[in-house]
Amino acid sequence: MNIQSYQDLITAAKQQHEPQRLLLVFAKAELPNGYTESQHNNFLRGEGGTLNPVLCVDKLPDEIAEFEILRAESEKTGFDWDIAFVSSLAGRGGFPPNSDEAEQPLKMMLAKIQSGMIADFLTFNRSGELVALL
């Protein structure tokens, strides 16, 4: 399935042979330390900067079936974010992974994001739009 929206993501997760747990890392766009005037100007136009993870969570697709639910839950944490990175973890034997099983994959996901290795993840902005990061 070609995922074009958040709803496509939820639909695809529900259609998998084994139940899925979604892994999410929320990141805030910031200027890097020691930024230049050019970097600052680009950042003000919504270009460049760094994405610093601020929150990690795992959820079953039914728990966040609509993006508005996910956004509302994230706002309750008090952490501001600009981009949500999303991946999934397959269950076994007809059972979805539990949160304990998601802990290590979430740590690995976080490490990849911090290293700039983001090609494996879907990315959504605060409006729930799928975005491509360059």
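The values are calculated or read from the model by the stated rules, or taken from the named source; none is laboratory data. These numbers were taken from a predicted model, which means no experiment stands behind them. Don't worry about glycine lacking a Cβ; one is built from the backbone with ideal geometry, like all the others, and counts go over all protein chains shown.
A few notes on this one:
- The residues of region 76-98 that are without any contact (Cβ under 8 Å) to a residue 60 or more places away in the chain and hydroxyl-bearing (Ser, Thr, Tyr) amount to a single one, 77.
- Restricting attention to region 1-56, the residues that are in contact with a strand residue (DSSP E or B) (Cβ under 8 Å, 6 or more places away or on another chain), over 16 Å from residue 109 (Cα atoms), of a type in the set (A, V, I, L, M, F, W, C) and outside any loop (DSSP other than H, G, I, E, B) add up to 4.
- Any hit, region 58-67, residues being within 16 Å of the chain's Cα centre (by Cα), modelled with pLDDT of 95 or more and part of a strand (DSSP E or B): yes
- Scope region 104-129; condition modelled with pLDDT of 95 or more, of a type in the set (A, V, I, L, M, F, W, C) and in a loop (DSSP other than H, G, I, E, B); matching residues: 121
- Subset of region 22-58 [among the polar types (S, T, N, Q) and either closer than 29 Å to residue 6 by Cα or touching an Asp or Glu at 6+ places or on another chain (Cβ under 8 Å) (or both)]: 42, 50, 52
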